[in-house]
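Single-structure report; data block below.
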Amino acid sequence: MSLLEHLGELRTRLVRCVIAAFVGLIACWGFKERILDVLMEPMLKVLEASGQTHFIYLQPAEAFFTYVKASFLGGLILTSPYLFYQLWSFIAPGLYPHERKWLIPIALFSALLFVSGACFGYFVVFPVGFDYFASFISPQLQFLPALATYFGFAVKMLLAFGLIFEMPLFILFLARLGMVTAAGMRRMRRYNILIIFIVAAILTPPDPFSQTLMALPLLVLYEISIYVASIFGRKAPEKEEKEDEEAKEERAGEEA
């Protein structure tokens, strides 16, 4: 494909993703209150200890637009398998023919990993992090959480954890391109562990417990990624050509 053809393909995929996200927003609009209640629940549980049971909003339209964003977030999660399918379909021209048949399972697995990461952030990290933030409440300091500010912070954290859990698939793609190898990842393990703890320190409250809580799944995902790279990494050129020829012959036989 030429550059213009690639750009045309990208535009088509993006338009489909926008349409799917809009459809998801419409489908989730009827559940907007429930979605927002679920998102606010971890913070409200922490605030109940100080006698606070509600959020505030500072602008007249702030609550309405937050409901729109909550519906949009629900729509993204609802349509995530299709969105990931469009992403992998755009990448598909760079894959071998026998690899393209895995597009749908990979898209479903991508959505599963993303949702798993978001759930880990919601059920494990949020309670610990918000409890730490609320520890600064005192007779001189009162915390009045603004709806839009909290929503933006929570969504960024959920997206961060969702994307982090995509590490094995990201490594799989790089391994198929020959950009990373299992041996190289093992050699760089000690440096990557340091990077993981630095990333965890940036994305979590500044206390060792919550940083470790985020770093541990990252370390597990890194080890899984090494295993993935060892299985799906680029093989010797002769072996790749042989497999590609076998795939072409198989496809020709099916067409015949």
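Structure notes:
- Among the conditions (1) over 27 Å from VAL115 (Cβ atoms); (2) open to solvent by 20 Å² or more (accessible area, probe 1.4 Å), the only one that ILE164 does not satisfy is (1).
- Inter-residue pairs, beta-carbon under 6 Å, first within 15 Å of ILE195 (Cα to Cα) and in the stretch 212-228, second outside any helix (DSSP H, G or I), 6+ apart: MET214/THR204
- Filtered by the rule that a residue be of a type in the set (Val, Ile, Thr) and surrounded by fewer than 18 Cβ atoms within 10 Å (Cβ to Cβ), the stretch 35-76 gives VAL38, THR53, ILE56, VAL68.
- One residue alone among THR181, THR212, THR149 is open to solvent by 50 Å² or more (accessible area, probe 1.4 Å), over 19 Å from the mean Cα position of the chain (by Cα), among the polar types (S, T, N, Q) and at pLDDT 90 or above, and that residue is THR149.
- Any chance PHE84 is open to solvent by 40 Å² or more (accessible area, probe 1.4 Å) and either at pLDDT below 90 or part of a helix (DSSP H, G or I) (or both): no
- For the stretch 89-128, the tally of residues that are small (Gly, Ala, Ser), modelled with pLDDT under 80 and closer than 26 Å to TYR222 by Cβ stands at 1.
- Selection within the stretch 27-56 - farther than 23 Å from PHE153 by Cα and within 22 Å of the chain's Cα centre (by Cα): ALA27
- The criterion of being open to solvent by less than 40 Å² (accessible area, probe 1.4 Å) and β-branched (Val, Ile, Thr) holds for THR79.
- Listed by first and then second residue, the pairs with beta-carbon distance under 6 Å, at least 6 apart or on different chains, first residue in the stretch 161-174 and over 12 Å from ILE224 (Cβ atoms), second aromatic (Phe, Trp, Tyr) and buried (at least 19 other Cβ atoms within 10 Å of the Cβ), are PHE161/PHE120; GLY162/PHE114.
The values are calculated or read from the model by the stated rules, or taken from the named source; none is laboratory data. Just so it is clear, the model here is predicted, and its values are computed rather than measured. Don't worry about glycine lacking a Cβ; one is built from the backbone with ideal geometry, like all the others, and counts go over all protein chains shown. Remember, those area values only see protein heavy atoms, side chains included, never the ligands or the DNA or RNA. Shrake-Rupley method; radii C 1.70, N 1.55, O 1.52, S 1.80 Å.
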